[in-house]
Amino acid sequence: MGVKRNDEQSVQSMEFITSSQLELHPTIADWLTKHMTGNPFNKYCIDCKKRQTTHFLLWYGTFVCLECANLHQRLNDFQHSRVYVKHVLHEQWDDYQLRAVALGGNKKLYEIFKEYDIGNLPTEEKYRHKCTKWYSKTFVANLDNKGY
Ligand SMILES: [Zn+2]
């Protein structure tokens, strides 16, 4: 019961933050930064593995760098795929999206890439691969069904 009450409180405060439309709330920015840079897997882009991350792919729960984020946006335009790219610190986040950060992380998808040996394919092919699609589907199903 106590936990439920906390959830409701956090949802209310999220709504307040979203409606403010100003800067990202400091505690949320802190929490996001911790998830992004405090974990070596999330700190570096899952696609190029070279540059530091600045963006989040919602339906994969992964962090990517600016250049790879732009590439995903371009692929979106051409393929009508369902990659939702968010700038981590320059956008407002709702409760659902924050849960994607909590549930996700680059390590999980990295292990899928490794297991199926597709990590070094060009981004376009990698995200068209059935294992990557399966991963995204499973991730979103978890996101929709489970709380923290
Ligand atoms: Zn990258």
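The values are calculated or read from the model by the stated rules, or taken from the named source; none is laboratory data. Fair warning: this is a prediction, and the values are worked out from it, not measured in the lab. Reconstructed Cβ throughout: ideal geometry from the backbone, glycine too, with neighbour counts over all protein chains shown.
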### Task
Take the residues in segment 129-147 that are without any contact (Cβ under 8 Å) to a residue 60 or more places away in the chain and in a loop (DSSP other than H, G, I, E, B), then tell me which one is farthest from ASN39 (Cα to Cα).
HIS129
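Per-residue answers, yes or no, for (1) at pLDDT below 95; (2) over 19 Å from LYS50 (Cβ atoms); (3) β-branched (Val, Ile, Thr):
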| position | (1), (2), (3) |
| --- | --- |
| ALA69 | no, no, no |
| PHE78 | yes, yes, no |
| HIS90 | yes, yes, no |
| TYR116 | no, yes, no |
| GLU124 | yes, no, no |
| TYR127 | yes, no, no |
| ASN142 | yes, yes, no |
| ASN145 | yes, yes, no |
### Task
Go through (1) over 11 Å from the mean Cα position of the chain (by Cα); (2) at pLDDT below 95 and name the single condition TYR44 misses.
(2)
### Query
Looking at segment 39-51, which of its residues are touching a strand residue (DSSP E or B) at 6+ places or on another chain (Cβ under 7 Å) and more than 9 Å from the ligand (Cβ to nearest atom)?
ASN42, LYS43
### Query
Mind checking whether some residue in segment 90-104 is crowded, with 18+ Cβ neighbours inside 10 Å, of a type in the set (Ser, Thr, Tyr) and either more than 12 Å from LEU32 (Cα to Cα) or within 14 Å of the ligand (Cβ to nearest atom) (or both)?
no
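Among THR138, THR62, which is the only one that is β-branched (Val, Ile, Thr), exposed (fewer than 15 other Cβ atoms within 10 Å of the Cβ) and out of contact with any strand residue (DSSP E or B) (no Cβ under 6 Å at 6 or more places or on another chain)? Write out each step before concluding.
Values: THR62 fails: exposed (fewer than 15 other Cβ atoms within 10 Å of the Cβ).
So the residue among THR138, THR62 that is β-branched (Val, Ile, Thr), exposed (fewer than 15 other Cβ atoms within 10 Å of the Cβ) and out of contact with any strand residue (DSSP E or B) (no Cβ under 6 Å at 6 or more places or on another chain) is THR138.
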### Query
Consider GLU111 against the criteria (1) surrounded by 15 or more Cβ atoms within 10 Å (Cβ to Cβ); (2) away from the ligand (no atom under 16 Å from the Cβ): it satisfies all of them except one. Which criterion is unmet?
(1)
### Query
What helices (runs of 4 or more DSSP H), lying completely within segment 64-128, carry at least 2 residues that are within 17 Å of PHE139 (Cα to Cα) and touching a residue at least 60 places away in the same chain (Cβ under 8 Å)?
95-103, 106-115
### Query
Are any of the residues in segment 59-67 more than 14 Å from the ligand (Cβ to nearest atom), under 24 Å from ASP30 (Cβ atoms) and at pLDDT 95 or above?
yes
